[in-house]
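Engineer: The structure's right below; bear with me while I get my questions together.
The values are calculated or read from the model by the stated rules, or taken from the named source; none is laboratory data. All of these numbers come straight from a predicted model, not from anything done at the bench. We place every Cβ from the backbone using ideal geometry, glycine too, and count neighbours over all the protein chains shown. Areas reflect the complete protein model, heavy atoms only, side chains present, ligands, DNA and RNA absent. Shrake-Rupley method; radii C 1.70, N 1.55, O 1.52, S 1.80 Å.
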Amino acid sequence: MRKDARESFGPDALPMFNAVMITTEHLRLRPLSAADFEQHHELNGHPEVFRYLGGKPTSREASWNGCLAQVGHWVSFGYGMFTIEEKASGRVIGRAGLFRSERGLGPDFDPFPESGWTLHPSVWGQGYAREAVLASHEWFDMAHRTARTVCIISPDNAASLKIARQLGYAETGTVAYQGDNVLTLTRFVAA
């Protein structure tokens, strides 16, 4: 796809994108768009990032399709992944939010919004993941009033498990997913 065609999509392409912007102490969160493709792909291609998510970097094609899927989430459901920008530098440092996955994990998982987050290793340990995930959940809870959300996390990913537990996610089981065993977690909030 030509670069100019990719750039024609983005936060200004759909009115709902302009309505959602979350600002926290250190971060800005905005809906992930196709304009974020290069940063999204660079993050997907970082081997440390995906050691808990299949163990290999994502191809350029899969990253592009992932960006388009997130634009589709915002259009179809009114929620999706947020691009995370560091306020001090303005650089894109990751993504966090909720989405629909249809992973084939069954009726206790697939029909519910799934939480996810991925941050660049250069900002690990600074509290940004927790800050972004908490902000995206607070927004989602207010905007969508969904009583149940889910997520999957590698049992070896202690940092993500800690964040999930802080948000109220509880382990509900272990499943095989794409060649790895992952924990399923569920969070209930008052609707």
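Engineer: How many angstrom lie between the Cα centre of region 141-181 and the Cα centre of region 74-118?
Structural biologist: 12 Å
Engineer: Once the convex hull of the C-alpha atoms of region 72-156 is built, how many Å³ does it hold per residue, rounded to a whole number? Show your work: numbers first, answer last.
Structural biologist: Values: hull volume 9.9 nm³, N = 85.
Spread over its residues, the Cα hull of region 72-156 gives 117 Å³ apiece.
Engineer: In addition: Would you mind getting the accessible area per residue of the chain, heavy atoms of the protein chains only, 1.4 Å probe, in Å²? Provide the component values of the computation, followed by the final result.
Structural biologist: Numbers: 9620 Å² over 191 residues.
Dividing the accessible area of the chain by its residue count gives 50 Å².
Engineer: Starting from the Kirkwood radius over alpha-carbon pairs of the chain, derive D by Stokes-Einstein at 37 °C in a medium of 0.692 mPa s and give it in µm² s⁻¹.
Structural biologist: Numbers: Rh = 16.9 Å.
Stokes-Einstein gives a translational diffusion coefficient of 194 µm²/s.
Engineer: Mind checking the log10 I(q)/I(0) for region 116-191 at q = 0.24, 0.25 Å⁻¹? Debye, one equal scatterer per Cα, no solvent, two decimals.
Structural biologist: -1.18, -1.22
Engineer: Run lengths n ≥ 4 of DSSP H only: what is the helix-derived mean residue ellipticity at 222 nm for the chain, with -39500 (n - 2.57) per run over all residues, to the nearest 500? Intermediate values should be presented prior to the final figure.
Structural biologist: Details: 6 runs with 62 residues, N = 191.
Helices in the chain give a 222 nm mean residue ellipticity of -9500 deg cm²/dmol.
Engineer: Taking the Cβ of Glu25 as the centre, find all other residues whose Cβ is under 14 Å away and add up their charges (Lys, Arg: +1; Asp, Glu: -1).
Structural biologist: Numbers: positive: Arg28, Lys87, Arg130; negative: Glu85, Glu86, Glu131, Glu138.
Taking every Cβ under 14 Å from that of Glu25, the sum is -1.
Engineer: Could you look at the chain and say what percent of its accessible area is carbon and sulfur, using a 1.4 Å probe and all protein chains?
Structural biologist: Working: 5070 of 9620 Å².
Carbon and sulfur: 53 percent of the exposed surface of the chain.
Engineer: Between Ala190 and Leu134, what's the calculated FRET efficiency when r is the beta-carbon distance and R0 is 22 Å? Round to 0.05. Working shown, then result.
Structural biologist: On the way: r = 17 Å, r/R0 = 0.78.
Plugging the Cβ-Cβ distance into 1/(1 + (r/R0)^6) gives 0.80.
Engineer: Considering every Cα-Cα pair within region 34-104, what fraction, in whole percent, is farther apart than 20 Å?
Structural biologist: 31 percent
Engineer: Which FRET efficiency value, to the nearest 0.05, do you get for Thr23 and Thr174 by plugging their Cβ-Cβ distance into 1/(1 + (r/R0)^6) with R0 = 35 Å?
Structural biologist: Working: r = 37 Å, r/R0 = 1.06.
Taking R0 as 35 Å, the efficiency between Thr23 and Thr174 is 0.40.
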